[in-house]
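The structure appears below as structure tokens.
Laboratory data are not the source of any read-out in this text; all were calculated from the coordinates shown. If you're wondering where the values come from, they're calculated on a predicted model, not measured in any experiment. Here the Cβ positions follow ideal geometry from the backbone for every residue, glycine too, while neighbour counts run over all protein chains shown.
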Amino acid sequence: MKWVAARSGFDEVFDQRGHCRAHYSPLISVLEAFTKEDVERRERLQQLSLRSQGITFTVYGEKEGIERIFPFDFVPRIIPASEWKTIQDGLVQRITTLNLFLLDIYQEQQCLKDRIVPPELVLSRKEYKRELLEVVPPRKIFTHVVGTDIIRDDTGEYLVLEDNCRCPSGVSYVLENRTVLSRVFPEFFGSYPVRPIKDYPTLLLDTLRFVAPRPGQNPVVVVLSPGIHNSAYFEHSFLAREMGVPLVEGRDLLVEGNRVFMRRTHGKRQVDVIYRRIDDDFLDPLAFRRDSMLGVPGLLNVYREGNVALANAPGAGVADDKSVYAFMPRLIKYYLGEEPLLPQVPTYLGFRRDDFRYIGEHLDELVVKTTGDAGGYGMLMGPFASAREREAYLGAMRKNPGNYIAQPLVELSTHPTHIDGQFEPRRVDLRPFILYGDRIRVLPGGLTRVALRASSYVVNSSQGGGSKDTWVLAPRDP
Amino acid sequence: MILSRVADALYWTGRYLERAENAARLLLVTEELSTEILGLDEELARAEWTDLRAIFPGFEPEERSARHLAGFAAASLHGLSIDPAHPYSIFFSLKKARDNARSVREALTVEVFVNLNETYRELEHYTRRQLADPPTFRSAMSSTHRGILSTVGAIEHTLARDAGWLFLKLGESLERVFRTTVILRTKLPALLAPEPKIDLPLFYSQWRSLLRGLSSLENYRKVFGARLEPIDVLQFLLFDPHTPRSVRYGASAVKDYLDRISSASELSVPARLVGKLAAELSYQGHDLIREGQSLPFLDHVLAELGRAHDALSTLYFGT
């Protein structure tokens, strides 16, 4: 088996002298014992398994939306217990802050009055829902499910890249990757205390039940999906199945007497908690986008009345705005009086005049993103763009500077990945999932996304990325 | 008590799976019979294909290939097996079954979905090549047929007997009795003609092929022995209470599922429609056949089944 050395950045497995890091050495020994043919045979089994189970996602922009397998690389990413502790503590601190921030801006707006964050920056965002001012969600929780993207810089330090407070996806792949890997390469698991993750659906259901507005027994929980053509449909269906709750579409729900019901073959039934995987704008055509066919007319009023819980709460999207991100260290200090446990990437804001000038002058060093978009759409990778592309992008930025942020290009860490019969370093990130119910829980694992092209920094599945099983190791007994 | 949308999708999953199974079986049987009799009676071989096209409508009426039997047969084979545009091709039905199942995966088990998905994927693979020669065709169809049966097995063995299962079985049983009736309605006029125009061995091959097409040959022999008398075959396929593809058994099965879906206190409209039909089928017999009333009776069955489908769609799916 051939291992290609990493050329730049921090490699998860090999140190700068090419020596294997201690926590990877048992895995590498096991892998070395396989012949090339063995590995290829196992990889074919893995493909078959993914295909036959229909573990796919849909790519937009192609006709009819093509179903693709989310590419899976079998070399697992391993995170030692001590490193995980930092990540976990940092995430709990962050999610606590995000939730306090949301409670604040939808009520007192103290952080705006104290000028911790410029008010115009928050209040001008389309994700900020003015119609939800003074509406407190059940149990005061806005962000029931968060997926935070984390990268490692060239020193190996973990940095938060962004928080996803709307409908973060990918957790189904986290669970399925573990299943596939344990079937195809059971030998890997022998020498590692890998923390289990399969109870995620149970924890998710507990989280959702915790916020049910009707007191008492057995709240009715549903997963609301835009339907089969959505790129994450597999996940919606997977989570509904794993939790044992109905998967509904907008047309399955109706509002009557300020309550939400689902239409069934023999009459209707009241719904208490909706784990919605539909963006705010499409939730309710009476409140937001009128042309939405996906939502439920009148739903927002029911929510406002406190008769249904929505997870995540509408309006939560403003917290993961890329320009609010820039203020997170200040917000953590403001609400918790603590220093941030996880550092983040320096961010220049288009709406600040000085920053904008800096961005214009250093465009060839920066990654520029629009604040509203996700999934790697609409970004400019300055160092790799042509002068013409940069000029055109800058032209677009001038029309709406507040819509852009810029960050220096962080050299992502790499991880050996099986490509064409050998192990080559490929850039990775990490998306842990955090649940906020009776307390905040971080799933010990996460989605390690990998950019399968050698030159690529973009790990999104919509942009040709794959994923790895992610192992968080249990602490050894003292 | 399930979502109307989910009930609808499960009903159609059942219908399309059953339709694909029927088409696969009939294609294999027709292909075999027409190959065997080709040299003896080309007209009869052609009639077999023409019947099949009437049972699964959707072909263009006039085709140039129709002049040569080989071309006609090949076009029929392709159309009903892997043509993605033909609304009754096996591929089309399997795709619809899978699309419906995929839209309600959470209501199915992994075993059911994986079997269905693999069967679909395998056939999809063939749509990208042509089914080159008859052996390739037979092996592809047999394998699809096995895949469908293993999916049905997964349904039997893994699904909870809840409302979702009832709607799936309702779709399956309604499609089955409907298609059996269509097959009989299509085949009988020629078979019941007072003077068979062909020699006897060939005449019996046709009746045998009809039984095989309804996977009822072995079951028939258990009741009547190896001797094929048209009136017995007809009696068996219309009124036998035990063979799963007789019209009587089929209507009783539909009635049974509709009764169980209905709320306990009162029968629903579709349950009453099919209940009457099942009763008629239980009390009819030889007389109807002797009096030459089979064809009008089959028309009546088809009309009632159509009404039942409309009534249950309105009642349960809100469509």
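First check a/c for segment A:315-442, with a ≥ b ≥ c the square roots of the eigenvalues of its C-alpha gyration tensor; if it is under 1.5, answer rounded, and if not, answer prolate when a/b is larger than b/c or oblate otherwise.
Oblate, since a/c reaches 1.5 and b/c is not below a/b.
Beta bridges assigned by DSSP with both partners in chain A are antiparallel in approximately 75 percent of cases. Of the trypsin sites (Lys or Arg not before Pro) found in segment A:123-204, the ones in coil according to DSSP and having at most 15 other Cβ atoms within 10 Å of their Cβ are A:Lys126, A:Lys198.
Using a/c under 1.5 as the rounded threshold, could you call chain B rounded, prolate or oblate? The axes a ≥ b ≥ c are square roots of the C-alpha gyration tensor eigenvalues, and prolate needs a/b larger than b/c, oblate otherwise.
oblate
In sequence order, segment A:144-161 has phi-based couplings of 6, 10, 10, x, 10, 8, 10, 10, 10, 7, 6, 9, x, 6, 7, 10, 7, 9 Hz under the Karplus curve 6.51 cos²θ - 1.76 cosθ + 1.60, θ = phi - 60°, and Gly or Pro positions carry x.
For A:Val117, A:Val260, the sequence from fewest to most other C-beta atoms within 10 Å is A:Val117, A:Val260.
Separation of segment B:74-120 and segment B:1-51, taken as the distance between their Cα centroids, equals 13 angstrom.
Here's how it looks for A:Ile79: its modeled amide H is under 5 Å from those of A:Trp471, A:Val472, A:Leu473, which are all 5 or more places away or on a different chain. For chain A, adding -39500 (n - 2.57) for each run of n ≥ 4 DSSP H residues and dividing by the number of residues yields -8500 deg cm²/dmol at 222 nm. Name the shape class, rounded, prolate or oblate, that the alpha-carbon gyration tensor gives for segment A:234-295, where a ≥ b ≥ c are the square roots of its eigenvalues, rounded holds for a/c under 1.5, and otherwise prolate holds if a/b is larger than b/c and oblate otherwise. Oblate, because a/c is 1.5 or more while a/b does not exceed b/c. Expressed as a fraction of 2.2 N^0.38 Å, the C-alpha radius of gyration for the protein assembly as shown is 1.13. The HN-Hα couplings worked out from phi for segment A:99-114 by the Karplus form 6.51 cos²θ - 1.76 cosθ + 1.60 (θ = phi - 60°) are 5, 5, 4, 5, 4, 5, 6, 9, 10, 6, 6, 4, 5, 7, 4, 7 Hz, whole numbers, x standing for Gly and Pro. The H on the amide N of A:Ser467, modeled in the peptide plane, is under 5 Å from the matching H of A:Phe72, A:Asp73, A:Val450, each at least 5 residues off or on a different chain.
In order along segment B:216-226, phi translates into HN-Hα couplings of 10, 5, 5, 5, 4, 4, 5, 8, 10, x, 6 Hz, rounded to whole numbers, per the Karplus curve 6.51 cos²θ - 1.76 cosθ + 1.60 with θ = phi - 60° and x for Gly and Pro. Restriction of the GluC sites (Glu not before Pro) in segment A:60-154 to DSSP coil positions whose beta-carbon has at most 12 other beta-carbons within 10 angstrom yields A:Glu62, A:Glu64, A:Glu108, A:Glu134.
Under the simplified labelling scheme, the B:Asp41-B:His300 pair shows an inter-label distance of 3.1 nm, with each label point 7 Å from Cα along Cα→Cβ.
For chain B, the number of Lys pairs with C-alpha atoms closer than 22 Å, counting only pairs eight or more positions apart or on separate chains, is 6. Taking a point 7 Å out from the Cα of A:Ser191 in the direction of its Cβ, the residues of segment A:6-43 whose backbone N falls within less than 19 Å of it are A:12-15, A:18-36, A:39. Only helices enter this figure: runs of n ≥ 4 DSSP H residues, each worth -39500 (n - 2.57), summed and divided by the residues of chain B, yield -24500 deg cm²/dmol at 222 nm to the nearest 500.
Debye sum, Cα scatterers, segment A:329-371, no solvent: what log₁₀ I/I(0) at q = 0.14, 0.22, 0.32 1/Å? Computed log10 I(q)/I(0) values: -0.46, -0.80, -1.08. Near the amide H of A:Phe14, within less than 5 Å, lie the amide hydrogens of A:Arg21, all on another chain or at least 5 residues away, with H placed in the peptide plane.
Each distinct pair of alpha carbons in segment A:278-326 adds a 1/r term; the inverse of their mean, the Kirkwood radius, is 11.5 Å. Residue exposure proxy: A:Ile116, A:Ile150, ordered by other Cβ atoms within 10 angstrom of their Cβ from fewest to most, comes out as A:Ile116, A:Ile150.
Segment A:72-98 and segment A:28-47 have their alpha-carbon centroids 28 Å apart. In loop segments of segment A:336-429 as defined by DSSP, the GluC sites (Glu not before Pro) with at most 13 further C-beta atoms inside 10 Å of their C-beta are A:Glu338.
Between segment B:157-185 and segment B:302-319, the C-alpha centres lie 14 angstrom from each other. According to the Cα-based calculation, Rg over Rh for segment A:105-246 is 1.04, with Rh computed by the Kirkwood formula.
Within the protein assembly as shown, DSSP assigns beta bridges of which about 75% are antiparallel (rounded to the nearest 5). Please give the direction-averaged projected area of the C-alpha convex hull for segment B:105-245, in square nanometres with one decimal. The Cα convex hull of segment B:105-245, projected and averaged over all directions, gives 11.1 nm². Applying 1/(1 + (r/R0)^6) with R0 = 45 Å to the Cβ-Cβ distance of A:Thr155 and B:Asp99 gives a FRET efficiency near 0.35. When B:Phe167, B:Phe91 are arranged by Cβ crowding within 10 Å, least crowded first, meaning fewest neighbours, the order is B:Phe91, B:Phe167. For chain A, the convex hull drawn through the C-alpha positions has a volume of 167 cubic angstrom per residue.
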